[in-house]
Amino acid sequence: MEVLVITLFILITLIYVYYKNSFQYWDKKGITTVEPSFPFGNLGSAFFGKGFVLKFTSLYKELKEEGAKYGGLYAGTTPIFLPIDPEIIKNILCKDFQYFHSRGSSFDEKKEPLQANLFNFEGKKWKECRIKSTPTFSSGKMKMMFHTVLDCGKQLEEFLHSCHKQQKPLDIKEIMACFTTDVIGSCAFGVECDSFKNPKAQFRKYGRKALTPSFKFQIRRILTMISPFLVKFLRIHFVEKDVVDFFIGVIRDVVNYRLTKNVTRNDFLQILIDTEKEENSTSTIEQLAAQAFVFFIAGFETSSTVMTFALYELAHHQDIQDRLRKEIIESIQKNGSLTYEGIHEMKYLDQVVNETIRKYPTLHTFKRLCVEDYKLDNNHILEKGTKIFISILGLHRDEEYFPNPDLFNPERFSEENKSKILPYTYLPFGEGPRNCIGLRFGLMQTKVGLCILLGNYKIFPHHSVKYPIEFDNKAATLAGKGTILLTTEKI
Ligand code: HEM
């Protein structure tokens, strides 16, 4: 018994000393910090309660109120650097990119083949992959894929029609997720997903599974912050095995079909296949699947949540909705239908989408890793291996850059006003060489979805819907909590 008590005492003392010492990291560097606590550092309430979204936003606010240009935080005992000043953010994302080309993703390529993708790569591998993928998103290719997006839009239209006929409110989150699943499934995998006709459709099922934060996902998220080593050691994978098998299986079938039958199609996968052929490259099916998978994962939920938030705000702002609808109907009348050019000509639509991703940036916080010691200023060095978090939601809801930040006001992005926005304070797609590669495609499908819905219906909040929205603490991206229902009136 005595031995046990002594062992326990020594253990607790060692842990205490370890934590005390670790929590002095930023103080020793003379960098402003927020008082951490045992055992999760500054992120205790992020893991249990507040969620990451609000936690990072409040840490951003706290540091800003202290007048800090940047601050040091702790995830467990791991130091995290949070830049506040837009000039420092610019240096990290653009000017001194060579020090910050990694997101610090840790994965085992052999055991997690779908994670070996553009989002997670770093250094030379990332650069090669980015160069190879860039032509996939040129405006010419976007125009080519516009018709595929419209085809999926027809199914959205039919579904909206059937809901309206049955006087059913629209479960807007699910409907928009089905639409973007169909679009990206079709464009990235060349597969008709049929998410509307068949709610149990495979793509929707596995897409949902890949992104629904399971208990395992939460544990991995906590451990990734605290100790990536433990994640590897305990072999906790981000994506479940059946999801991996499904996506690799689909790519194998589609690639084999196209190559043996000499079939081609206007989609991302075809561009990947053609590039492989042109460059005499020998990528495996797993490598092709990983790129298609990242387009799917990065592309379907981001755009569907942007549409959901836009419709949620428009349902609460009938004046903005009416003005936008007028523009949509005029464009359709002028061009005879919804066209690629029409979508890009609509100025107010652009303002509404820009304001939506200002108020609700789907990737609310994004990461970089410092890969070489970096001189922040004359007094401070950021050490190699330091993790960097940039709070986009913090910037986008900062009173100094966006007065009355909780107000949904598309006028912030009018021709006259948008030039007044301070650079590096508005970052819905990131910035610099590692910004969102699918930006054009994301905007295109978002705008098509909004035009189809608003061109046909007036929307109103269902009585169950509250304003302002409550965020889902557990979601990996910014999302509203629970079901969001809207009622419709046919025009
Ligand atoms: C409105 C929809 C979208 C939003 C708001 C969005 C936002 C973002 C953001 C904030 C980043 C991180 C940027 C950074 O770290 O600097 C990112 C990266 C990325 N996005 Fe998007 N995205 C959207 C749609 C898409 C689509 C449709 C695709 C593909 C089809 C896509 C593919 C990617 C990829 C591959 C990366 C990683 C790029 C790299 O590391 O080189 N995104 N996105």
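The values are calculated or read from the model by the stated rules, or taken from the named source; none is laboratory data. Just so we're clear, the structure is a prediction, and the values are computed from it rather than from any experiment. Positions of Cβ are backbone-derived with ideal geometry, glycine not excepted, and every protein chain shown enters the neighbour counts. Just the protein is used for accessible areas: all its heavy atoms, side chains included, with ligands, DNA and RNA removed. Shrake-Rupley method; radii C 1.70, N 1.55, O 1.52, S 1.80 Å.
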Inset, instruction - Working carefully through the options Leu156, Leu73, Leu63, find the one that is more than 14 Å from the ligand (Cβ to nearest atom), of a type in the set (A, V, I, L, M), over 19 Å from the mean Cα position of the chain (by Cα) and within 26 Å of Thr180 (Cα to Cα). - result: Leu156
Inset, instruction - Report, ordered by the first and then the second residue, all pairs with beta carbons closer than 8 Å, sequence separation of six or more or different chains, a first member in region 361-373 that is in contact (Cβ under 8 Å) with a residue 12 or more places away in the chain, and a second member that is assigned to a strand (DSSP E or B) and within 9 Å of the ligand (Cβ to nearest atom). - result: Thr365/Ile390; Phe366/Ile390; Lys367/Ile390; Arg368/Ile390
Inset, instruction - Evaluate region 384-396: report whether one residue or more is in contact (Cβ under 8 Å) with a residue 40 or more places away in the chain, more than 12 Å from the ligand (Cβ to nearest atom) and assigned to a loop (DSSP other than H, G, I, E, B). - result: yes
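Within region 25-138, considering only helices (runs of 4 or more DSSP H) that don't extend past its boundaries, which have at least 1 residues that are of a type in the set (A, V, I, L, M), surrounded by 20 or more Cβ atoms within 10 Å (Cβ to Cβ) and at pLDDT 95 or above? Walk me through it before giving the result.
On the way: elements: 25-29, 44-47, 51-65, 86-90, 123-133.
The helices (runs of 4 or more DSSP H) meeting that bar are 51-65, 86-90.
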Inset, instruction - Pairs only if they're at least six apart or on different chains, beta carbon under 7 angstrom, first in region 446-458 and assigned to a strand (DSSP E or B), second among the acidic types (Asp, Glu) and surrounded by fewer than 20 Cβ atoms within 10 Å (Cβ to Cβ); list them, first residue then second. - result: Tyr457/Glu489; Lys458/Glu489
Inset, instruction - Of the conditions (1) in contact with a Pro (Cβ under 8 Å, 6 or more places away or on another chain); (2) surrounded by fewer than 19 Cβ atoms within 10 Å (Cβ to Cβ), His380 clears all except one; give me its number. - result: (1)
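In the list Lys125, Lys110, Lys143, Lys132, which residue meets the criterion of being more than 16 Å from the ligand (Cβ to nearest atom) and among the basic types (Lys, Arg)? If you could, list the steps in order and put the result at the bottom.
Numbers: Lys125 fails: more than 16 Å from the ligand (Cβ to nearest atom); Lys143 fails: more than 16 Å from the ligand (Cβ to nearest atom); Lys132 fails: more than 16 Å from the ligand (Cβ to nearest atom).
It is Lys110.
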Legend entry - Subset of region 426-466 [open to solvent by 30 Å² or more (accessible area, probe 1.4 Å), near the ligand (Cβ under 7 Å from one of its atoms) and not β-branched (Val, Ile, Thr)]: Phe429, Glu431, Asn435, Cys436, Leu439, Leu443
Inset, instruction - Could you look through region 257-282, keep only residues that are of a type in the set (S, T, N, Q) and free of Cβ contacts under 8 Å to residues at least 24 places away in the same chain, and pick out the one that is nearest to Gly140 (Cα to Cα)? - result: Thr264
Inset, instruction - Quickly run through region 244-264 and pick out the residues that are crowded, with 16+ Cβ neighbours inside 10 Å and more than 22 Å from Cys129 (Cα to Cα). - result: Phe246, Arg258
Inset, instruction - For region 1-53, name all the residues that are among the acidic types (Asp, Glu) and either more than 30 Å from Thr362 (Cα to Cα) or touching a residue at least 24 places away in the same chain (Cβ under 8 Å) (or both). - result: Glu2, Asp27
